[in-house]
Amino acid sequence: FETGLLAGLNVVITAGPTREAIDPVRYISNHSSGKMGYAIAAAARDAGARVTLISGPVVIPAPERVHCLRVESARDMLDSALAQLGQCDIFIAAAAVADYRPMTAANQKIKKSADSMELTLVKNPDVVATVAAHEQRPFTVGFAAETQDVDIYARDKLVRKNLDMIVANDVSMSDIGFNSDQNAVTVFWAENQQSFAQMSKQALARELVELIAHQYQQTQEQ
Ligand code: C5P
């Protein structure tokens, strides 16, 4: 791991879950801890990059010497990501963005009355796909958490979202992935793939940064 690997480059990373308001006190979210994205931010910083971390609500502390932008909803995350594109060489989307949000967020706390209630959800914008479709498109890396046919779904996402690389993990194994301190992944790009056996998220983050930096440099040489 060379410390100057990403020297002079701006790296933007999304991490953590998003929160989609139902009313002023309630929301829809998920169990993402933010650990993988935060570890990548620290590794990219150690590789010499200027790092901006766009983070949903998490309990872990922001890495030192990383510019941290805190957001709540998927739409906040998208606005924040788009605002970075003038100065972004590499975009890494590690966030677990909520796929749907309540169509409307009530202005006041919803009162309990009927025995059942319906919540209409609408699809959130896809942050990484929007970034990858932008005219100021950075080198774009996504994640894919799958429970089956990991390679098929990951490759499909790579193409559909117009990504340069995708990092796939099998979340059907409970000791790795979401909320765990360990992870094992396979990275897919172009006609290639590389698997990383189970290790700490810190160690994996350094491996990923090295691989991403290498692929990024190849695109610059073309
Ligand atoms: O489609 P899926 O959620 O599985 O895709 C995962 C990848 O897409 C991750 O990189 C995630 O950060 C990104 N994503 C996003 N915005 C969404 C949904 C997913 O950036 N609304």
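Does region 31-76 come out rounded, prolate or oblate by the C-alpha gyration tensor, with a ≥ b ≥ c the root eigenvalues, rounded set by a/c under 1.5 and, if not, prolate when a/b is larger than b/c and oblate if not? Prolate, since a/c reaches 1.5 and a/b exceeds b/c. What chymotrypsin sites (Phe, Trp or Tyr not before Pro) in region 1-72 are in a loop by DSSP, with at most 16 other Cβ atoms within 10 Å of the Cβ? Here the sparse-neighbourhood loop sites are Phe1.
If each DSSP helix of 4+ residues adds -39,500 (n - 2.57) and the sum is divided by the residues in the chain, what number results at 222 nm, nearest 500 deg cm²/dmol?
Working: 5 runs with 61 residues, N = 222.
Result for the chain: -8500 deg cm²/dmol, rounded to the nearest 500.
Provide the FRET efficiency to the nearest 0.05 for the Val25-Asp99 pair, computing r from the beta carbons and using R0 = 22 Å. It comes to 0.50.
Amide H contacts under 5 Å for Ile22: Tyr27, Ile28, restricted to partners 5 or more places along the chain or on a different chain, H placed in the peptide plane at 1.01 Å from N.
Region 29-98 and region 178-213 have Cα centres lying 17 Å from one another. Pairs exceeding a 26 Å alpha-carbon distance, out of Lys35/Lys161; Lys123/Lys201; Lys123/Lys157; Lys109/Lys157: Lys123/Lys201; Lys109/Lys157. Couplings 3J(HN,Hα) for region 164-170, derived from phi with the Karplus relation 6.51 cos²θ - 1.76 cosθ + 1.60 (θ = phi - 60°), are 8, 8, 9, 9, 10, 10, 8 Hz, where x marks Gly and Pro. Working note: Karplus 6.51/-1.76/1.60 with θ = phi - 60° gives region 121-138 the couplings 10, 10, 5, 7, x, 8, 4, 5, 5, 5, 4, 5, 9, 6, 5, 9, 6, x Hz, where Gly and Pro are set to x.
With respect to the chain, whose longest principal axis is taken over its alpha-carbon atoms, helix 35-46 is tilted by about 40°.
Bridge orientation summary for the chain: considering DSSP beta bridges with both residues in this region, about 40 percent are antiparallel. What longest range of the chain stays clear of loop-exposed GluC sites (Glu not before Pro) (DSSP non-H/G/I/E/B, at most 12 other C-beta within 10 angstrom)? It works out to 3-63.
Taking a ≥ b ≥ c as the square roots of the eigenvalues of the alpha-carbon gyration tensor, region 1-57 is classed prolate because a/c is 1.5 or more and a/b outweighs b/c. With a cut-off of 8 Å between alpha carbons and a minimum separation of six or more residues, what is the relative contact order of the chain in percent? Relative contact order for the chain comes out at 20 percent. Per-residue Karplus couplings for region 67-77, computed as 6.51 cos²θ - 1.76 cosθ + 1.60 with θ equal to phi - 60°, are listed in order as 7, 9, 10, 9, 10, 10, 8, 4, 5, 4, 5 Hz, Gly and Pro entered as x. Given axes a ≥ b ≥ c from the Cα gyration tensor, I'd like to know whether region 61-108 is rounded (a/c under 1.5), prolate (a/b larger than b/c) or oblate. It is prolate, given that a/c is not under 1.5 and a/b is the larger ratio. With each label modelled as a point 7 angstrom along the Cα→C-beta vector, the Asn192-Glu221 pair spans 1.0 nm.
Annotation for region 31-71: trypsin sites (Lys or Arg not before Pro) lying in DSSP loop with at most 11 further Cβ atoms inside 10 Å of their Cβ are Arg65. For region 65-222, taking Cα atoms only, Rg and Dmax work out to 18.0, 63 Å respectively.
DSSP bridge analysis restricted to region 8-54 gives an antiparallel fraction near 40%, rounded to the nearest 5.
Can you compute the charge dipole magnitude of the chain about its Cα centre, using +1 on each Lys and Arg Cβ and -1 on each Asp and Glu Cβ, nothing else charged? Give it in debye, rounded to the nearest 20.
The calculated dipole for the chain is roughly 780 debye.
The GNM of the chain, with springs linking C-alpha atoms under 10 angstrom apart, assigns the highest mean-square fluctuation among Asp149, Asp164, Asp115 to Asp115.
Throughout, read-outs are computed from the coordinates displayed, never taken from laboratory work. Since this is a predicted model, take the numbers as computed values, not measurements. Virtual Cβ from ideal backbone geometry, glycine too; neighbours counted across all protein chains shown.
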